[in-house]
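Below: one structure, written as structure tokens.
Values in this text are rule-based calculations from the coordinates and carry no lab data. All values derive from a computational prediction rather than experimental measurement. Every residue, glycine as well, gets a Cβ built from its backbone with ideal geometry; the counts of neighbours run over all protein chains shown.
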Amino acid sequence: MQSVLRILLTGLLGALWDGVAALGGVRLVDGYNKCSGRVEVRRHDQWGTVCDHGWDLPEAYVVCLELGCGLAEAALPNAAYGAGRGEIWLHHVQCSGHESSLTSCAVVLHTNSYCTHDNDASVKCSGSLLSPTLTLLSPHTVFTSGESVRFGCSVLLGHHLSDFHLYKHGVATPLVTQRADQTQTRVELTLSDIETFHQGSYSCRYRIKGGFPSQLLSSPPSNSVNITVVELLTPQHWYNTSTEAPAGSVIKGHSFNITCSTPQQYPGGSFQLRLIRSNGTVRQSLPALSPSVTFTFPSAQSANEGYYYCLYRVQLGGRTFLSRESQPLPIAIRDPDPVLSPMVISWLVSGLTFVVAVVIIIIVAKVLCNKEKKPSELERETRTCVDNTYVALSINKL
């Protein structure tokens with residue numbers, strides 16, 4: 001008995017397999033274009049129709065993908081594109097929607113059921129894959145180097161999905177690829193550790209498995225999403241003051257300037273100058289209307305002494321970005337030199353005292369030497385007396 005059943009079962013399976021194997025293709029006829037119409041299959045080199053009993057979107061998906069016509073928009077019963085002719089080759093087709101060909105679905109082959117050509121199944125395909133939608137999952141559109149950007153790529157209908165790709169405009173290869181299960185309609189695509197070259201416009205695509213034989217079909221690109229990547233370089237700074245001031249110093253009461261500069265600037269940016277001194281911190285700010293700005297101090301005072309730092313600040317996309325501070329710039333405030341130094345004054349006093357002493361001695365010597373002398377003799381003696389006095393004073397001074 002078991003042998004008889006095994007023979008009958010083997011024969012039945014053989015007949016089913018022969019019938020399926022004999023199916024040799026699918027086409028759409030009498031539609032508005034090549035991707036809509038009545039579904040026909042070929043068996044033994046003869047085209048026949050498909051009964052609409054159990055005909056639904058999963059079956060229509062398989063047909064559209066097999067023909068490279070994108071995704072199914074409708075599964076139409078009751079000979080929507082007109083009744084066919086010849087045999088009705090397939091009855092009660094049951095697809096999961098993941099098959100690569102209609103012949104891979106569970107079917108009931110040609111029978112004497114009550115299906116007529118008024119029950120011919122039809123489909124309407126999109127003609128091409130639907131474009132996905134790209135959204136920015138990160139809460140802002142402006143980033144700084146080293147951050148991550150999160151995108152979401154979604155498609156309205158999720159059948160036969162293979163993977164999703166994130167593209168940057170102008171770059172042929174995808175920057176991010178994310179596998180997807182066949183029914184997933186949305187994935188997250190994360191662009192990690194971004195740099196300035198990542199700035200630009202992005203779109204996504206998805207691929208589906210379909211066609212006969214099975215192949216990967218790529219969707220049209222999604223909408224575009226733009227991101228900005230900010231890179232703030234450390235500013236440079238220097239100071240200018242009067243030439244007589246020693247290096248690193250400014251003479252009290254003199255003017256001096258501190259200039260901050262950066263090679264990379266953004267609209268609406270500003271420079272901030274920070275002074276750290278013994279009794280606290282002082283900050284100043286100027287708009288960055290050009291790559292360099294100058295902070296002016298018309299009269300240096302002790303309060304201006306300390307360490308100066310410069311940084312660049314900008315607000316973009318609702319976020320505030322700050323550069324690193326520059327290296328410290330130490331500035332000391334020195335008192336001005338007096339007009340005459342104490343040493344010079346000492347020398348002047350000593351010289352003046354010496355001159356006064358000489359004059360007094362000469363006058364006294366004249367008085368003493370002029371007593372009771374003839375005019376000629378008086379003149380000679382006076383000269384000799386003065387000369388001797390001068391020599392004596394010189395010897396004493398030495």
* Lys and Arg at +1, Asp and Glu at -1: add these up for the other residues within a Cβ distance under 14 Å of TYR202 and post the number. => +2
* To do: Figure the gain on full extension for TYR307 and ARG324 (residue separation times 0.36 nm, minus the Cα-Cα span) and round it to one decimal in nm.
  => 4.5 nm
* Rounded to the nearest 0.05, what FRET efficiency do TRP238 and ILE362 have when you use their Cβ-Cβ distance and R0 = 45 Å? -> 0.15
* Fully extended, how many nm does the chain gain between LEU286 and GLN94 (0.36 nm per residue separation, minus their Cα-Cα distance)? -> 61.8 nm
* In nm, give the distance between the simple-model label positions of THR141 and VAL29, each being 7 Å from the Cα along the Cα-to-Cβ direction. => 5.3
* How would you rank TYR206, TYR309, going from fewest to most other Cβ atoms within 10 Å of each one's own Cβ? -> TYR309, TYR206
* Asked: Using 1/(1 + (r/R0)^6) with R0 = 35 angstrom and r between the beta carbons of GLU195 and ALA247, what's the FRET efficiency to the nearest 0.05?
  -> 0.35
* Approximate spin-label separation THR173-ARG150, in nm, with each point projected 7 Å along Cα-to-Cβ -> 2.8
* Structure fact -> Under 15 Å by backbone N from the virtual spin label 7 Å along Cα-to-Cβ at ASP118, the residues of segment 42-67 are 52-53
* Structure fact -> With label points set 7 Å from each Cα along the Cα-to-Cβ direction at GLN46 and THR133, the distance between them in nm comes to 4.9
* segment 154-269: radius of gyration over Cα atoms, expressed as a fraction of 2.2 N^0.38 Å -> 1.99
* Asked: Hey, fewest Cβ within 10 Å first, where do TYR266, TYR312, TYR32 land in order?
  -> TYR32, TYR266, TYR312
* Count charges around PHE164 for me, please; just the other residues with Cβ under 11 Å from its Cβ, Lys/Arg as +1, Asp/Glu as -1. => +2
